[in-house]
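Enquirer: Structure in structure tokens, see below.
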């Protein structure tokens, strides 16, 4: 491994660019909260800590390391967790959920950077401690990035450099220890304006307590973290319980006020969602996030829900729609032609699915950033965007450039002949014809493929899709697999089609490289499920990540959205625009819902009051 050198030549500081330390940073503009902020606006700063919370999830776990490929999707929840909070490990800075993309001090109490973002320096909080009492040091930071580059999974393995067509593309040219308590990252040609923020959100590991030689193996040996919780007990594959550390170093810093309110957090694993819901009904699980409109409407007639012990709530975040859909694996030759992908997309009768499976509760997704100024749907491409697209605009249909492209609305019969005829016409343009009731290519080979599903809800949608495709002679098999097989096959792209969700934020950036950039196409464990490698898409991601103004950023995201829509990589399904959550009434929450929706890490147990 090419390790980036740790410089101990402190005299080199004199030649380094200087900057004023700041308490927070933002992708665009300035953080909303000033240096004197006391806490985030969506917390209860006066909450009385105590009690417990019981979460429930479907699946299993066999690892406490979520940063390597083997433990990517089988790590116990809570270790490093966007939903429950990073209970065990921490990053240099933490994100405010009430701003598009702003970070505030955590392990680092302040940062320094220049206007061009050629470097960033993290000044560690001298109070920061590991669970064993040892201080968090600059050596820990440098060790973490080097180790994750060598043995981590994407995206952690691409923070310092990534493979390019001509060799390594350096994102970070050097990491240097500055003084006793700071680390400076100097950026290379592979960096962009989001790079310093991505580094700030990366996990930091204890050098003295990690065996680098065995780091890439799955293990249930309890590690050493710096977070607000320690692991109390483990039942492999069944349950993990965390206990709040009363000596947690960061409990009084502003970015942690109102967080980490339970004395004990448990995560119990279930084989299927129906069993999880039964546990919720009995009170063995305290919170149940709901994603099924029919279930939300009809399943809450049990005594605890009717007498008020269980509360149903609807939250409305200010986020774009994102995209849920059937994803084509374009690594498969049968899906290489975008006309085939478009035809197969047309064949899905969303109106029938929405009416018969979901009671008409959902809206069809038309783009990846729908319901926001970042989305292509409803927003025509302006001169700035067209200039950014350049010749690529010629491969985008006029209606997508105009912002009025939408999936056709069927008659809801499940067999709309007009739309199916459009699909057959496109298939003909791609060299397919229907012979003997089967869609065949020029060599007479039938178009046959398989969709891999993970649960009963996905299977229901797939069955409806299967029926529609059969009407035009296309045979789609359905294979529902257990969680372990689903994750393994997802990691290795071993599927023809898969059901996936692509959440969207108001500040898309580095995560898009892992989803759609050509460099992630063949990287096992990446989220490039569609197998996309398109230079124009790569250009738009770069433009998005390097945009200096909000206007340039918006133009780049819209252009990117148009290319994804025009590529027909996903058969669009639906979005809700709301978050549905049921909770037992002893679970309290703040009144304010932040921009990114409800935040479980700031809820609490009212019985502790």
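The values are calculated or read from the model by the stated rules, or taken from the named source; none is laboratory data. Note that the structure is a prediction, hence the values are computed from the model and not measured. Cβ atoms come from the backbone with ideal geometry, glycine included; neighbour counts cover every protein chain shown.
Results for (1) closer than 23 Å to residue 72 by Cβ; (2) under 24 Å from the mean Cα position of the chain (by Cα), shown as yes or no for each residue.
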residue: 87; (1), (2): yes, yes
residue: 90; (1), (2): yes, yes
residue: 120; (1), (2): no, no
residue: 143; (1), (2): yes, no
residue: 165; (1), (2): no, no
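Enquirer: On to the next question. Show me the strands (runs of 3 or more DSSP E) found entirely inside the stretch 257-343 where at least 2 residues are closer than 21 Å to residue 459 by Cα and in the same structural domain as residue 478 (by TED's automatic domain parsing).
Expert: Details: elements: 264-270, 287-290, 310-315, 323-328.
Answer list for the stretch 257-343: 323-328.
Enquirer: Report yes if some residue within the stretch 397-408 is under 13 Å from residue 343 (Cβ atoms), surrounded by fewer than 14 Cβ atoms within 10 Å (Cβ to Cβ) and either touching a strand residue (DSSP E or B) at 6+ places or on another chain (Cβ under 6 Å) or without any contact (Cβ under 8 Å) to a residue 12 or more places away in the chain (or both); otherwise report no. Full working, then the answer.
Expert: Going through the stretch 397-408, the residues under 13 Å from residue 343 (Cβ atoms) turn out to be 407-408.
Next cut, surrounded by fewer than 14 Cβ atoms within 10 Å (Cβ to Cβ) only: none.
For the stretch 397-408, residues under 13 Å from residue 343 (Cβ atoms), surrounded by fewer than 14 Cβ atoms within 10 Å (Cβ to Cβ) and either touching a strand residue (DSSP E or B) at 6+ places or on another chain (Cβ under 6 Å) or without any contact (Cβ under 8 Å) to a residue 12 or more places away in the chain (or both): absent.
Enquirer: Against the condition assigned to a loop (DSSP other than H, G, I, E, B), surrounded by fewer than 21 Cβ atoms within 10 Å (Cβ to Cβ), in contact (Cβ under 8 Å) with a residue 24 or more places away in the chain and not assigned by TED's automatic domain parsing to the domain that holds residue 589, how does residue 44 come out, does it pass?
Expert: Numbers: assigned to a loop (DSSP other than H, G, I, E, B): yes; surrounded by fewer than 21 Cβ atoms within 10 Å (Cβ to Cβ): yes; in contact (Cβ under 8 Å) with a residue 24 or more places away in the chain: yes; not assigned by TED's automatic domain parsing to the domain that holds residue 589: yes.
Yes, satisfied.
Enquirer: Give the residue, chosen from 132, 211, 180, 166, that is at pLDDT 95 or above, farther than 29 Å from residue 231 by Cβ and surrounded by fewer than 17 Cβ atoms within 10 Å (Cβ to Cβ).
Expert: Numbers: 132 fails: farther than 29 Å from residue 231 by Cβ; 211 fails: farther than 29 Å from residue 231 by Cβ; 166 fails: at pLDDT 95 or above.
Selected residue: 180, the only one of 132, 211, 180, 166 that is at pLDDT 95 or above, farther than 29 Å from residue 231 by Cβ and surrounded by fewer than 17 Cβ atoms within 10 Å (Cβ to Cβ).
Enquirer: A follow-up question, please. Report yes if some residue within the stretch 546-554 is surrounded by 18 or more Cβ atoms within 10 Å (Cβ to Cβ), touching a helix residue (DSSP H, G or I) at 6+ places or on another chain (Cβ under 6 Å) and over 26 Å from residue 102 (Cα atoms); otherwise report no. Outline the logic, then answer.
Expert: Pass one, the stretch 546-554, residues surrounded by 18 or more Cβ atoms within 10 Å (Cβ to Cβ): 547, 553-554.
From the residues that got through so far, the ones that are touching a helix residue (DSSP H, G or I) at 6+ places or on another chain (Cβ under 6 Å) too are 547.
Now narrow it down to the ones that are over 26 Å from residue 102 (Cα atoms): none.
For the stretch 546-554, residues surrounded by 18 or more Cβ atoms within 10 Å (Cβ to Cβ), touching a helix residue (DSSP H, G or I) at 6+ places or on another chain (Cβ under 6 Å) and over 26 Å from residue 102 (Cα atoms): absent.
Enquirer: Which one is surrounded by the fewest Cβ atoms within 10 Å (Cβ to Cβ) among residues in the stretch 221-246 that are under 23 Å from residue 135 (Cβ atoms) and free of Cβ contacts under 8 Å to residues at least 60 places away in the same chain?
Expert: So the residue we want is 246.
Enquirer: Are there helices (runs of 4 or more DSSP H) fully within the stretch 385-501 with at least 2 residues that are at pLDDT below 95? List them.
Expert: Per the criteria, 456-470, 483-491.
Enquirer: Applying the selection to the stretch 361-376, what residues are surrounded by 18 or more Cβ atoms within 10 Å (Cβ to Cβ) and more than 15 Å from residue 345 (Cα to Cα)?
Expert: 362, 368, 369, 370, 371, 372, 374, 375, 376
Enquirer: Got a sec? Which strands (runs of 3 or more DSSP E) wholly within the stretch 137-212 have at least 1 residues that are in the same structural domain as residue 94 (by TED's automatic domain parsing), in contact with a helix residue (DSSP H, G or I) (Cβ under 9 Å, 6 or more places away or on another chain) and farther than 25 Å from residue 548 by Cα? Outline the logic, then answer.
Expert: On the way: elements: 161-164, 167-170, 172-178, 182-187.
Where strands (runs of 3 or more DSSP E) fall fully within the stretch 137-212 and carry at least 1 residues being in the same structural domain as residue 94 (by TED's automatic domain parsing), in contact with a helix residue (DSSP H, G or I) (Cβ under 9 Å, 6 or more places away or on another chain) and farther than 25 Å from residue 548 by Cα, they are 161-164, 172-178, 182-187.
Enquirer: For the stretch 41-59, check the following and say yes or no: at least one residue is on the phi > 0 side of the Ramachandran plot and out of contact with any helix residue (DSSP H, G or I) (no Cβ under 8 Å at 6 or more places or on another chain).
Expert: No, every residue in the stretch 41-59 fails to be on the phi > 0 side of the Ramachandran plot and out of contact with any helix residue (DSSP H, G or I) (no Cβ under 8 Å at 6 or more places or on another chain).
Enquirer: Restricting attention to the stretch 232-254, which residues are in contact with a strand residue (DSSP E or B) (Cβ under 6 Å, 6 or more places away or on another chain) and in a strand (DSSP E or B)?
Expert: 232, 233, 234, 239, 240, 241, 242, 243, 244
Enquirer: Something else: Before we move on, is residue 63 in contact (Cβ under 8 Å) with a residue 12 or more places away in the chain and in contact with a strand residue (DSSP E or B) (Cβ under 8 Å, 6 or more places away or on another chain)? First the steps, then the outcome.
Expert: Details: in contact (Cβ under 8 Å) with a residue 12 or more places away in the chain: yes; in contact with a strand residue (DSSP E or B) (Cβ under 8 Å, 6 or more places away or on another chain): yes.
In short, yes.
Enquirer: Would you pick out the residues in the stretch 289-318 that are closer than 23 Å to residue 356 by Cα, out of contact with any strand residue (DSSP E or B) (no Cβ under 8 Å at 6 or more places or on another chain) and modelled with pLDDT of 95 or more?
Expert: Result: 299, 301.
Enquirer: Go through (1) more than 28 Å from residue 89 (Cα to Cα); (2) in contact (Cβ under 8 Å) with a residue 40 or more places away in the chain and name the single condition residue 269 misses.
Expert: Condition not satisfied by residue 269: (1).
Enquirer: What residue, among those in the stretch 87-99 that are farther than 14 Å from residue 200 by Cα and touching a strand residue (DSSP E or B) at 6+ places or on another chain (Cβ under 8 Å), is surrounded by the most Cβ atoms within 10 Å (Cβ to Cβ)? It would help to see each step written out before you state the result.
Expert: Step one: filter the stretch 87-99 for residues farther than 14 Å from residue 200 by Cα, giving 87-88, 97-99.
With touching a strand residue (DSSP E or B) at 6+ places or on another chain (Cβ under 8 Å) added as a condition, the list becomes 87-88, 99.
Details: 87: 27, 88: 25, 99: 23.
Taking the candidates together, the pick is 87.
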